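The values are calculated or read from the model by the stated rules, or taken from the named source; none is laboratory data. All of these numbers come straight from a predicted model, not from anything done at the bench. Every residue, glycine among them, receives a Cβ derived from its backbone with ideal geometry; neighbour counts consider all protein chains shown. SASA here: full protein model, heavy atoms, side chains in, ligands and nucleic acids out. Shrake-Rupley method; radii C 1.70, N 1.55, O 1.52, S 1.80 Å.
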Amino acid sequence: MIVEQRIRDYLHSLEPDQGDLLEEISRKAIRDEVPIIKKETGALLKTMVATKRPRAILEVGTAVGYSALLMAGVMPAECTITTIEKYEPRIPVAKANFKRAGEESRITLLEGDAEEILKELEGPYDFIFMDAAKGQYIHWLPMILRLLSDGGILFSDNVLQDGDVVQSRYAVERRDRTIHARMREYLYTLKHMEELETSIIPIGDGAAISVKIEIEKERVGK
Ligand SMILES: C[S@@+](CC[C@H](N)C(=O)[O-])C[C@H]1O[C@@H](n2cnc3c(N)ncnc32)[C@H](O)[C@@H]1O
């Protein structure tokens, strides 16, 4: 946990009820140990979607559809979400949840490995939510940037890995060292790429918010 429990509990207590369906999906996900976005990160994600007012959202990592439905609740009526999930048991649950929410026409679930699907997608997307295999973020970044429109937002979740990312390599369990190194490389790259403006926010498990800058037009004179 990277935010003091007292503060986190207080922030949670301020969150309004999400409605019966989302509350049920979230309760069941927690019960079944399905990893879904933390409440406070979900609030930030919704705020960013409401600010950006995207036309097309891409989500990598659907799980049971909870975060897609959070975004659908605040996106413009004409916006669509494409979401990718490879773990078969979760796919029918997510689809059923989209249907129950009446969102099956605005949310399309692509079944399979993001690695393969990202290569084939055309885009552009003006909001991309990265929430799948953390060790792959750095590897997927070029494909994500190809799909992200100028001025588009990339929202990456779990980037501080519950605080582990700040530890030295030797303080991290041996089995977690590869993912630790890759996440550090991802964050360094987000912060140092000329075409991205990134802020890393210590909320939930850490979120990085990046905006794709049109270098020629926006950075002239810098
Ligand atoms: C943290 S969960 C997503 C949670 C969801 N965004 C939410 O907050 O409701 C990550 C999901 O990504 C999926 N995933 C992991 N690696 C993937 C890959 N290479 N391709 C597609 N899905 C993947 C996992 O099966 C898992 O369901």
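For the set K39/K86; K95/K191; K95/K212, the pairs lying more than 26 angstrom apart at their alpha carbons are K95/K191; K95/K212. Highest GNM mean-square fluctuation among P92, P76, P54, for the chain modelled with Cα contacts below 10 Å: P92. Just want the answer: with Cβ charges of +1 for Lys and Arg and -1 for Asp and Glu, which residue in L11, P35, A50 is farthest toward the dipole's positive end in segment 1-53? Value: A50.
DSSP beta bridges confined to the chain are antiparallel in about 35 percent of cases.
Multiplying each eigenvalue of the alpha-carbon gyration tensor of segment 8-132 by 5 and taking the square root yields semi-axes of 22, 18, 13 Å, largest first, rounded to whole angstroms. The local environment of I37, defined by Cβ-Cβ distances under 13 Å, has a net charge of -3 under the rule Lys, Arg +1 and Asp, Glu -1. Of interest is the spacing of the C-alpha centroids, which for segment 115-182 and segment 39-86 amounts to 17 Å.
Across all directions, the shadow cast by the convex hull of segment 2-67 built on its C-alpha atoms averages 5.5 square nanometres. Whole-percent P(r), the chain, all Cα pairs, 5 Å bins from 0: 1, 6, 15, 18, 21, 17, 12, 6, 2, 1, 0. Across segment 87-135, Cα-Cα distances exceeding 14 Å account for 64% of all pairs.
Coupling constants for segment 143-155 follow from the phi torsions by the Karplus curve (6.51 cos²θ - 1.76 cosθ + 1.60, θ = phi - 60°), and in residue order they are 5, 5, 5, 5, 8, 8, 6, 4, x, x, 10, 10, 10 Hz; glycine and proline get x. Please give me the summed charge of the neighbours of D157: other residues whose Cβ is under 14 Å from its Cβ, Lys and Arg +1, Asp and Glu -1. After counting each charged neighbour, the total is -1. As a check on your grasp of the helix formula, calculate [θ] at 222 nm for the chain: sum -39500 (n - 2.57) over DSSP H runs of n ≥ 4, divide by the residue count, round to the nearest 500. Calculated mean residue ellipticity at 222 nm is -12500 deg cm²/dmol. Rolling a 1.4 Å probe over the protein heavy atoms of segment 29-148, with every protein chain left in place, gives an accessible area that is 52 percent carbon and sulfur. Computed over protein heavy atoms with a 1.4 Å probe, the accessible surface of the chain works out to 53 Å² per residue. Here the Kirkwood formula puts the hydrodynamic radius of segment 110-185 at 13.6 Å, using every distinct Cα pair. Springs between Cα atoms under 10 Å define the GNM used for the chain, and in it the highest mean-square fluctuation of V166, V60, V49 occurs at V166.
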